[in-house]
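These notes concern the structure reproduced below.
Bear in mind these aren't lab numbers, they're just calculated from the coordinates by the rules spelled out. Predicted model, so just to flag it, every value in this text is computed and none were measured. We place every Cβ from the backbone using ideal geometry, glycine too, and count neighbours over all the protein chains shown.
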């Protein structure tokens, strides 16, 4: 399946607003890949499919996670929307015939991140945070960090913003997000 057919199929699955975000992520991922020396086609494809399960209801995400044998933590049970990335990677494999493990892993990690992400995983993680349709107060500090201090620093900034927002709402922090933050902050301070 070529990228234009995937884009068309995704446009029928997602709501117009989610599809607009998806196109922004795909384009941003492509641009970052070109700048950072990654495969732009893989980055664009990962961007197109990253939120394929985002609009699933909580029950659908939990059922899909069980079907795909995804480990479900207590935090995932409380906040099933956090499963959309991991479920989305499985849907990309099953329904869109994506076999490239690098693309699938980037989709699976785009929300929580992980320690020691591949370049493509880092690109999609950031593209989701800074695409042009994101609110300025959210995305601009991350964009600035990327421009002035680079990829690792931008990942730390993205994690800081997410952690602050989640904590202010009184929600549980996923340990993978904390692990991502600690790993990349550690790289900055040479731990």
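In terms of other Cβ atoms within 10 Å, 142, 189 run from fewest to most in the order 189, 142. Note on 110, 84, 174: ascending count of other Cβ atoms within 10 Å places them as 174, 84, 110, the fewest first. With the cut-off at under 13 Å, measuring from each backbone N in region 121-138 to a point 7 Å along the Cα-to-Cβ line of residue 35 picks out 123-124, 126-132.
Which residue, 120, 45, 36, has the most motion in a Gaussian network model of the chain that connects Cα atoms within less than 10 Å? Residue with maximal mean-square fluctuation among 120, 45, 36: 36. Classify region 56-165 from the C-alpha gyration tensor, please: rounded if a/c falls under 1.5, else prolate or oblate depending on whether a/b exceeds b/c. In terms of gyration-tensor shape, prolate.
Per DSSP helix of 4 or more residues, -39500 (n - 2.57); summed, then divided by the residues of the chain. What does that give at 222 nm, rounded to the nearest 500? Counting only the DSSP helices, I get -22500 deg cm²/dmol. Take residue 2, project a point 7 Å from its Cα along the Cβ direction, then tell me which residues of region 29-46 have their backbone nitrogen under 19 Å from it. It comes to 40-46, nothing else.
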